[in-house]
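A quick write-up on the structure given underneath.
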Amino acid sequence: MAPEQQLPRLTVEATVVAKRIDVSHHHHGGETHHMTTSTRYYVTFQVESGDRMEFSVSGREYGLLVEGDTGRLTFQGTRYLGFTQP
């Protein structure tokens with residue numbers, strides 16, 4: 001499989017159809033037991049062909065996108081590059 005950088009950048013018309021957050025808790029042992037939490041943000045887009053694609057996005061980007069938003073999705077392989085609205 002080609003590295004992400006060698007795949008073409010694509011820009012397609014798309015609609016935001018779903019959003020989700022994945023929160024992971026990591027327990028660390030030793031004498032001082034502590035836990036860290038990591039949060040990942042995902043947005044699913046539906047393109048003109050009807051296909052759906054889910055991308056990991058930043059928390060900032062996640063907050064700006066709303067289900068039903070339409071615009072132009074730019075991505076490279078599985079890497080989200082941006083979403084612009086008219």
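The values are calculated or read from the model by the stated rules, or taken from the named source; none is laboratory data. Note that the structure is a prediction, hence the values are computed from the model and not measured. All Cβ positions, even for glycine, are placed from backbone atoms using ideal geometry, and neighbour counts span all protein chains on display. Areas reflect the complete protein model, heavy atoms only, side chains present, ligands, DNA and RNA absent. Shrake-Rupley method; radii C 1.70, N 1.55, O 1.52, S 1.80 Å.
Taking 0.36 nm per residue of sequence separation and removing the Cα-Cα distance, the residue 36/residue 9 pair yields an extension gain of 6.2 nm. Note on the chain: with neighbouring protein chains present and a 1.4 Å probe, carbon and sulfur make up 50 percent of its accessible heavy-atom surface. Just checking the listed ones, 68, 59, 29: in the Gaussian network model of the chain with Cα springs under 10 Å, the one fluctuating most is 29. Heavy atoms of the protein chains alone define the surface here; on that basis the chain has 70 Å² accessible area per residue at 1.4 Å probe size.
At an R0 of 35 angstrom, the distance between the Cβ atoms of residue 22 and residue 84 translates into a FRET efficiency of 0.90. About its Cα centre, what dipole magnitude does the chain give when the only charges are +1 on Lys and Arg Cβ and -1 on Asp and Glu Cβ, stated in debye to the nearest 20? Value, rounded to 20: 120 debye.
Calculate, in whole percent, how much of the Cα-Cα pair population of region 13-57 lies beyond 17 Å. So the portion of pairs separated by more than 17 Å is 50 percent.
Taking all Cα-Cα distances within the chain, those exceeding 21 Å account for 40%.
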